[in-house]
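To keep things clear, I will list the structure first and then write my remarks on it.
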């Protein structure tokens with residue numbers, strides 16, 4: 001029997017993705033590579049499997065799925081997710097999660113430390129982009145009971161309508177792609193964002209592209225806010241471009257509700273430049289180091305903690321391979337014949353006119 | 001788009017007495033001729049260089065030796081992969097050009113391979129190639145300077161006329177052999193800059209600020225205006241029309257005598273220039289002083305002197321600033337590419353050449369032929385010294401060979417003068433494009449010199465062009481200015497421009513340059529980033545928009561307009577009629 005829980009800083013790196021899913025597995029991998037990541041633990045794939053088997057969920061899920069087809073995946077999804085919410089964990093698993101959460105509070109020196117509870121599926125966003133980001137994440141989950149509920153909600157998100165439809169179409173069993181769940185310290189974000197080690201649209205490998213806003217990154221990831229856009233030359237770290245956006249929405253921590261939620265951006269912050277040059281350099285250094293570690297282009301989600309001081313590394317909360325590739329290799333030197341053929345004699349009209 | 005503008009209206013008759021053999025000249029791909037049925041299958045654009053119209057001799061010699069020899073041979077030699085140069089047709093006295101496409105893919109590929117060898121060779125040897133061509137032409141020019149036209153035996157005049165034509169034809173070979181590769185190099189760099197995300201309005205600025213022979217001429221001319229003011233002659237200039245100024249100054253005596261001596265010294269060096277490109281129909285400034293006097297007259301109307309040194313310094317500062325702005329947004333790898341392109345274009349600087357070469361080629365290469373034709377007119381006792389210019393080439397040679405200039409030939413010349421005047425009056429209503437209008441073009445001359453691009457092609461096809469109140473074009477020289485528009489058909493009307501007014505015309509050439517010392521802004525129908533108006537606008541710091549397509553149609557003489565040379569926008573604020581009523 002394998003462990004139900006593994007810590008980010010203590011999981012066997014070779015087995016990390018298999019036991020903790022790709023999201024948490026990569027976080028563990030980054031930790032080993034020396035990248036600053038939040039503290040946290042994962043409820044393993046095995047724990048999920050055992051929960052489904054021992055609680056009788058598997059049989060009931062199969063019952064729902066047996067009658068479902070492409071047309072009513074949403075109804076099936078809703079029923080399965082209700083089953084997850086209504087089915088309690090075993091006492092042993094509950095006890096280990098509560099104990100781990102208390103350990104996380106101790107490590108963070110906080111009472112009821114707010115966490116991010118993230119689905120970490122196997123296969124998610126590794127090979128198939130269509131799964132990227134469709135499983136649930138809960139930000140600002142605080143206290144043992146809420147953490148337990150959020151974990152079960154994440155398990156249930158393996159059965160969203162989109163995921164069900166996809167598996168039905170491809171003939172994949174949900175048993176073949178079990179899910180892990182991460183419980184990680186919620187970094188108190190002054191600013192956060194995403195960073196790409198290549199241009200996400202053109203694939204140009206000579207630059208880092210950063211998108212950023214105040215507060216947590218959810219509003220950026222979900223496309224709710226128009227973020228500041230920064231481009232940095234990879235070889236010399238020079239800021240090539242900084243477009244300050246009018247940022248209307250911010251993901252902020254709602255203390256009354258105990259979660260991160262989207263509110264109107266305070267007027268005084270909306271048009272203010274988010275990152276200074278030192279912070280841009282820190283984000284660039286992190287994403288470049290991660291690209292080098294993996295040997296392929298990546299995008300990352302990062303956070304600048306409120307207590308971060310200049311010179312400290314920034315915190316990476318997620319990393320993924322980037323699938324975009326440059327359509328053509330950038331020329332290394334100026335070739336008057338090549339540019340003439342490309343821009344003057346292409347039959348498409350001169351660009352920029 | 002597939003829009004076809006019919007050419008029928010312009011087919012059929014041409015100049016009285018015209019016969020197809022009058023156009024029996026060698027050419028490379030397609031010969032010039034009057035418009036013919038079937039020509040609507042190709043794309044034709046109204047050539048802004050000759051807005052006055054062309055006399056029979058000017059029309060046939062330029063079209064045959066300039067376009068159908070010069071551009072067509074140069075585009076074979078470089079070669080242009082998908083293009084074979086420019087051919088032309090005449091609608092009355094007005095010339096329309098057309099790019100000749102190469103459509104065989106195998107041929108295009110073979111030509112591209114040759115370009116791959118020849119363009120780098122040209123760029124590596126640009127200075128030697130251009131200077132050799134220029135020096136060759138200057139040597140021929142010196143030869144003609146040494147000829148005493150009045151003393152040449154009549155029997156030898158025909159030979160002199162032949163030599164004059166060969167000088168022009170050779171000049172056109174050199175001209176386009178240099179112009180095409182320089183343009184290709186520049187446009188490739190322009191495209192590369194656009195792809196690098198550089199604001200393309202900056203690209204022309206990267207290469208500005210280098211002194212040219214034409215700018216030197218302008219400074220000297222301006223210096224004469226300053227001298228006239230200091231000598232207390234401003235009132236004499238104010239009181240007389242340009243054509244009467246020499247007599248008035250002679251009569252004035254005193255300081256005016258010294259000034260006239262200085263003026264003639266200026267003409268001896270810089271006066272070998274006509275007021276249009278390669279037009280045998282136009283006089284040099286020495287033959288006719290009125291344009292030089294007219295420019296000085298309008299300079300004197302201006303309160304403040306144009307500070308050439310400050311403008312030159314500004315142009316250089318603006319250049320360096322533009323390069324810095326462009327480079328700062330590029331990665332190190334991109335900077336290496338940009339720097340390579342910039343260096344190639346600084347070495348073979350097309351904007352500089354585009355201005356400088358006019359002094360050696362465009363403005364003077366027709367002058368020896370013109371003088372020989374005038375000498376022939378004198379020998380045959382013609383009514384007017386320009387009569388020979390209304391003959392076709394074989395007719396001129398016949399007269400030079402002893403055919404009597406009388407009777408039928410003389411009356412043909414009278415008819416042809418009428419024909420010229422008739423079509424001169426139709427110029428402003430001539431369609432900007434004819435035939436099958438494409439969405440974009442690939443010939444570098446069309447793109448850059450004529451400013452033909454998808455936007456301008458759409459603009460000239462707008463049936464409601466005359467009622468437009470906003471126009472867009474190429475942002476050629478930055479700045480914003482508001483003023484009264486003067487819509488000029490040719491540089492003959494430059495005297496109508498008062499200081500602070502805005503020049504609106506089809507396009508400008510070097511003879512328009514002095515106007516930039518006094519105008520508030522300029523708008524042209526044609527011309528690209530490197531057209532004459534764009535270059536001079538930048539050098540003089542005059543907001544300029546080129547390739548506006550239909551400015552001369554949409555803007556009325558006397559309208560109040562705003563020219564935004566930073567963004568390439570022109571707005572008609574008030575119509576002249578409304579201003580008058582206010």
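Points worth noting:
- When the residues of the stretch B:194-213 are filtered to those that are within 11 Å of another protein chain (Cβ to nearest Cβ) and buried (at least 22 other Cβ atoms within 10 Å of the Cβ), the one that is farthest from residue B:517 (Cα to Cα) is B:198.
- For the stretch B:73-88, a residue qualifies if it is assigned to a helix (DSSP H, G or I) and surrounded by 23 or more Cβ atoms within 10 Å (Cβ to Cβ), and the qualifying residues are B:74, B:75.
Listed here are the residues, each with its yes/no results for (1) closer than 24 Å to residue B:397 by Cβ; (2) within 14 Å of chain A (Cβ to nearest Cβ); (3) part of a helix (DSSP H, G or I); (4) within 18 Å of the chain's Cα centre (by Cα).
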{"residue": "B:155", "(1), (2), (3), (4)": "yes, no, yes, no"}
{"residue": "B:160", "(1), (2), (3), (4)": "yes, no, yes, no"}
{"residue": "B:167", "(1), (2), (3), (4)": "yes, no, yes, no"}
{"residue": "B:174", "(1), (2), (3), (4)": "no, no, yes, yes"}
{"residue": "B:186", "(1), (2), (3), (4)": "no, yes, yes, no"}
{"residue": "B:192", "(1), (2), (3), (4)": "no, yes, yes, no"}
{"residue": "B:215", "(1), (2), (3), (4)": "no, no, yes, yes"}
{"residue": "B:218", "(1), (2), (3), (4)": "no, no, yes, yes"}
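- Residues of the stretch B:94-109 satisfying the condition of being within 14 Å of chain A (Cβ to nearest Cβ) and assigned to a helix (DSSP H, G or I): B:105, B:107, B:108, B:109
- Residue check for residue B:392: within 30 Å of the chain's Cα centre (by Cα) and crowded, with 21+ Cβ neighbours inside 10 Å: yes
- Count of residues meeting criterion [on the phi > 0 side of the Ramachandran plot and surrounded by fewer than 17 Cβ atoms within 10 Å (Cβ to Cβ)] in the stretch B:2-52: 3
- In the set (1) more than 27 Å from residue B:373 (Cα to Cα); (2) modelled with pLDDT of 95 or more, residue B:59 fails one condition alone, (1).
Results for (1) under 27 Å from residue B:127 (Cβ atoms); (2) at pLDDT below 95, shown as yes or no for each residue.
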| position | (1), (2) |
| --- | --- |
| B:266 | no, no |
| B:294 | no, yes |
| B:312 | yes, yes |
| B:323 | yes, no |
| B:346 | yes, no |
| B:349 | yes, no |
| B:361 | yes, no |
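- Restricted to the stretch B:297-310, and to residues there that are part of a helix (DSSP H, G or I) and touching a helix residue (DSSP H, G or I) at 6+ places or on another chain (Cβ under 6 Å), the residue that is surrounded by the most Cβ atoms within 10 Å (Cβ to Cβ) is B:299.
- When residue A:225 is tested against the conditions (1) outside any loop (DSSP other than H, G, I, E, B); (2) at negative phi; (3) crowded, with 24+ Cβ neighbours inside 10 Å, the lone failure is (1).
- Taking the criterion of being in a loop (DSSP other than H, G, I, E, B) and at pLDDT 95 or above, the residues of the stretch A:89-112 that qualify are A:89, A:90.
Per-residue answers, yes or no, for (1) farther than 16 Å from residue B:548 by Cβ; (2) within 14 Å of chain A (Cβ to nearest Cβ); (3) not in a helix (DSSP H, G or I):
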{"residue": "B:439", "(1), (2), (3)": "yes, yes, yes"}
{"residue": "B:452", "(1), (2), (3)": "no, yes, yes"}
{"residue": "B:457", "(1), (2), (3)": "no, yes, no"}
{"residue": "B:462", "(1), (2), (3)": "no, no, yes"}
{"residue": "B:471", "(1), (2), (3)": "no, no, yes"}
{"residue": "B:476", "(1), (2), (3)": "no, yes, yes"}
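- Of the residues B:139, B:112, B:64, B:91, the single one that is within 13 Å of chain A (Cβ to nearest Cβ) and either buried (at least 21 other Cβ atoms within 10 Å of the Cβ) or free of Cβ contacts under 8 Å to residues at least 60 places away in the same chain (or both) is B:112.
- Filtered by the rule that a residue be in a loop (DSSP other than H, G, I, E, B) and surrounded by 24 or more Cβ atoms within 10 Å (Cβ to Cβ), the stretch A:187-222 gives A:187, A:197, A:198, A:217.
- Of all the residues in the stretch B:295-345, those that are within 12 Å of another protein chain (Cβ to nearest Cβ), within 24 Å of residue A:235 (Cβ to Cβ) and in contact (Cβ under 8 Å) with a residue 60 or more places away in the chain number 10.
- Residue in the stretch B:251-264 that is within 27 Å of residue B:539 (Cα to Cα), touching a helix residue (DSSP H, G or I) at 6+ places or on another chain (Cβ under 7 Å) and either within 14 Å of chain A (Cβ to nearest Cβ) or not in a loop (DSSP other than H, G, I, E, B) (or both) present: yes
- Some residue of the stretch B:27-39 being closer than 30 Å to residue B:109 by Cβ and part of a helix (DSSP H, G or I): yes
- From the list A:306, A:320, the one residue that fits, being touching a residue at least 24 places away in the same chain (Cβ under 8 Å), more than 14 Å from every other protein chain (Cβ to nearest Cβ) and out of contact with any helix residue (DSSP H, G or I) (no Cβ under 9 Å at 6 or more places or on another chain), is A:306.
- Count of residues meeting criterion [more than 7 Å from every other protein chain (Cβ to nearest Cβ) and more than 17 Å from residue B:447 (Cα to Cα)] in the stretch A:333-352: 2
- Check on residue B:433, buried (at least 17 other Cβ atoms within 10 Å of the Cβ), more than 12 Å from chain A (Cβ to nearest Cβ), touching a strand residue (DSSP E or B) at 6+ places or on another chain (Cβ under 6 Å) and touching a residue at least 12 places away in the same chain (Cβ under 8 Å): yes
Each row is one residue, and each column tells you yes or no for (1) under 23 Å from residue B:215 (Cα atoms); (2) not in a loop (DSSP other than H, G, I, E, B).
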| residue | (1), (2) |
| --- | --- |
| B:503 | yes, yes |
| B:511 | yes, yes |
| B:514 | yes, yes |
| B:523 | yes, yes |
| B:526 | yes, no |
| B:548 | no, no |
| B:573 | no, yes |
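- Hey, residue A:56 within 23 Å of residue A:147 (Cα to Cα) and touching a strand residue (DSSP E or B) at 6+ places or on another chain (Cβ under 7 Å) or not: no
The values are calculated or read from the model by the stated rules, or taken from the named source; none is laboratory data. Keep in mind it's a predicted model, so treat the numbers as computed, not measured. Note: ideal-geometry Cβ built from the backbone for every residue, glycine included; neighbour counts use all protein chains shown.
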